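> Sharing a structure with you now.
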């Protein structure tokens, strides 16, 4: 190698070397800003008290699988994981995904809390037994079809906004001494009971709109109305001719207790949807 060529690397090293005492600049950790624009929503985190209240409303236990769509910095997922529940956050912003993973590791729940980058509308939520959400009404309405198709008994808690579309909350609570984003709505996915059910005394025909049910009972040739019908997941209650029927739905069968002048067990089988 010619002498001039050999000297060039040394000159570059001297030219680009940091001054004594100087340090190389490092990129700052990612910090989201409240109100920053995302793909479908702006980022506004739920207050810590709200997160805990929503988990309480959903009665989250270690037996649950919790999902948060648009999971932001991961606080809902991390809080669920701290209760022993495996939890998944779906977030479109890759920087927030990495921040969530870092936050989960710092809180010691990296093994329970997981995060994926993706579109919440395309996410597979079929395994969820509880969803803890903070989404705007347009997004909730768009997801409503997926929500109602989940396994009966799945709990959905939404910060501030209702799902809409005629689906009324099963419970609404507010966090005391809270300035904003202080209310939450609980929805419990109801079993599907519309159709004709066979009882020993005659057919029971039910209609359904979300958790509300009504219809008629052909009692030995006499038509009686089904009143005050309601579902809470797989739990069902309705009244026929002053007798309260309560029980549990399991696919195409229902069993329970009828309370009137006497108390007796009852069972029905669906023969037509």
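> Condition first: touching a residue at least 40 places away in the same chain (Cβ under 8 Å), assigned to a loop (DSSP other than H, G, I, E, B) and farther than 27 Å from residue 169 by Cβ. Now tell me which residues in region 204-232 satisfy that.
Scanning region 204-232 gives no hits.
> Something else: Can you name the condition, by its number, that residue 124 falls short on among (1) under 13 Å from the mean Cα position of the chain (by Cα); (2) touching a residue at least 12 places away in the same chain (Cβ under 8 Å)?
Among (1) under 13 Å from the mean Cα position of the chain (by Cα); (2) touching a residue at least 12 places away in the same chain (Cβ under 8 Å), residue 124 violates only (2).
> For region 32-57, what are the residues that are surrounded by fewer than 13 Cβ atoms within 10 Å (Cβ to Cβ) and either in contact (Cβ under 8 Å) with a residue 40 or more places away in the chain or part of a strand (DSSP E or B) (or both)?
Once the filter is applied, which keeps residues that are surrounded by fewer than 13 Cβ atoms within 10 Å (Cβ to Cβ) and either in contact (Cβ under 8 Å) with a residue 40 or more places away in the chain or part of a strand (DSSP E or B) (or both), region 32-57 yields 37, 39, 42.
> Going by the structure shown, is residue 264 loosely packed, with under 12 Cβ neighbours inside 10 Å and modelled with pLDDT of 95 or more?
yes
> Any residue in region 143-155 that is surrounded by fewer than 24 Cβ atoms within 10 Å (Cβ to Cβ), at pLDDT 95 or above, in contact with a helix residue (DSSP H, G or I) (Cβ under 9 Å, 6 or more places away or on another chain) and within 19 Å of residue 44 (Cα to Cα)?
There is no residue in region 143-155 that is surrounded by fewer than 24 Cβ atoms within 10 Å (Cβ to Cβ), at pLDDT 95 or above, in contact with a helix residue (DSSP H, G or I) (Cβ under 9 Å, 6 or more places away or on another chain) and within 19 Å of residue 44 (Cα to Cα).
> Further question: If you take the residues in region 242-261 that are at pLDDT 95 or above and not in a strand (DSSP E or B), which one is farthest from residue 154 (Cα to Cα)?
Out of the qualifying residues, it is 242.
> For a quick check of your reading: which strands (runs of 3 or more DSSP E) sit entirely within region 58-121 and have at least 3 residues that are surrounded by 24 or more Cβ atoms within 10 Å (Cβ to Cβ) and either at pLDDT 95 or above or in contact with a helix residue (DSSP H, G or I) (Cβ under 6 Å, 6 or more places away or on another chain) (or both)?
Values: elements: 66-69, 87-91, 113-117.
In region 58-121, 66-69, 87-91 are the strands (runs of 3 or more DSSP E) which contain 3 or more residues that are surrounded by 24 or more Cβ atoms within 10 Å (Cβ to Cβ) and either at pLDDT 95 or above or in contact with a helix residue (DSSP H, G or I) (Cβ under 6 Å, 6 or more places away or on another chain) (or both).
The values are calculated or read from the model by the stated rules, or taken from the named source; none is laboratory data. Since this is a predicted model, take the numbers as computed values, not measurements. All Cβ positions, glycine included, derive from the backbone under ideal geometry; neighbour counts span all protein chains shown.
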